1. Take the residues of the stretch 81-105 that are assigned to a strand (DSSP E or B) and of a type in the set (A, V, I, L, M, F, W, C): which is surrounded by the fewest Cβ atoms within 10 Å (Cβ to Cβ)?
2. Pick out the one residue from GLY113, GLY138 that is buried (at least 21 other Cβ atoms within 10 Å of the Cβ), in contact (Cβ under 8 Å) with a residue 24 or more places away in the chain and on the phi > 0 side of the Ramachandran plot.
3. Being within 20 Å of the chain's Cα centre (by Cα) and without any contact (Cβ under 8 Å) to a residue 12 or more places away in the chain is the filter; apply it to the stretch 158-211 and report the residue that is nearest to GLY138 (Cα to Cα).
4. For the stretch 159-211, how many residues meet the condition of being surrounded by 13 or more Cβ atoms within 10 Å (Cβ to Cβ), of a type in the set (D, E, K, R) and not in a helix (DSSP H, G or I)?
5. Since VAL108 meets every condition but one in (1) modelled with pLDDT under 95; (2) assigned to a strand (DSSP E or B), which condition does it not meet?
6. Closer than 17 Å to SER172 by Cβ and either of a type in the set (A, V, I, L, M, F, W, C) or outside the structural domain of PHE60 (by TED's automatic domain parsing) (or both): which single residue out of ILE131, ILE100 fits that description?
Amino acid sequence: MDCRRPRHLAILLMLLAALMLAAPASALLYNGGSYSNEYAKDKPNEATSSWGKVYDSSIFDTNVIDGVTVISVSSSQLVSAQGYLDGALVELTGEAIGDIMRADDGMVWVNVGTNDTLVGVRMTREDAEKIKYLGRYGVRGTELSVAGTFHVSCDEHGGELDIHATRVVVKSEGGQIVRPFPQEKLFLAICLVAAGLLFLFAYRRLRTVTL
């Protein structure tokens, strides 16, 4: 009988336990969620927007900011609607993600949205200073409500899809993401370690007998 097999099996079980204790990086990546609109609105079937196009307000929520009606949208809605909302006054609520980059005339660029869909927002440095956290691995970025003009292909900025913000409000500060370790993984890891020790003990006893 090959006495090495129990030892190899014990080592294999211990390696499996170590892998179970190591949380996969993919499970720790923050998955940005969708943000619900907090405003209660009356939505007629059709309305004429401030930029002259007729839109179905049963699809898009509206909000009045400083006496002006804007369309409340998510970043994914902006990307999918594109030409339909080109030139619209919109309100985008989402997480500030990535880096703050310098723009022209003392302005800055901030990516706002979710991990799946981001929209570049041009804002003042003063508005950018309201951002306490930028979303990245292990961090939930500051949630912003951004109001401004949406461009599918901005002539001023190389044909990029963007929003020129005129109002930026912080909805939530954001912060570090704390993820508890899955209890089932801990239990399975303990079982694998115990099984590995048992096989190692059996191997040593068998080796002593054969000697």
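1. Taking the stretch 81-105 and keeping what is assigned to a strand (DSSP E or B), we get 89-102.
Next cut, of a type in the set (A, V, I, L, M, F, W, C) only: 89-90, 92, 96-97, 100-101.
Working: LEU89: 19, VAL90: 23, LEU92: 25, ALA96: 28, ILE97: 22, ILE100: 16, MET101: 11.
Checked the stretch 81-105; the qualifying residue surrounded by the fewest Cβ atoms within 10 Å (Cβ to Cβ) is MET101.
2. Working: GLY138 fails: buried (at least 21 other Cβ atoms within 10 Å of the Cβ).
None of the others qualify; the one that does is GLY113.
3. Top of the filtered list is VAL178.
4. Count: 5.
5. With respect to (1) modelled with pLDDT under 95; (2) assigned to a strand (DSSP E or B), VAL108 is out only on (1).
6. Numbers: ILE100 fails: closer than 17 Å to SER172 by Cβ.
The match here is ILE131.
The values are calculated or read from the model by the stated rules, or taken from the named source; none is laboratory data. For clarity, every value in this text was computed on a predicted model and none was experimentally measured. When we count neighbours, we look across all protein chains shown, and the Cβ atoms used for this are built from the backbone with ideal geometry, even at glycine.
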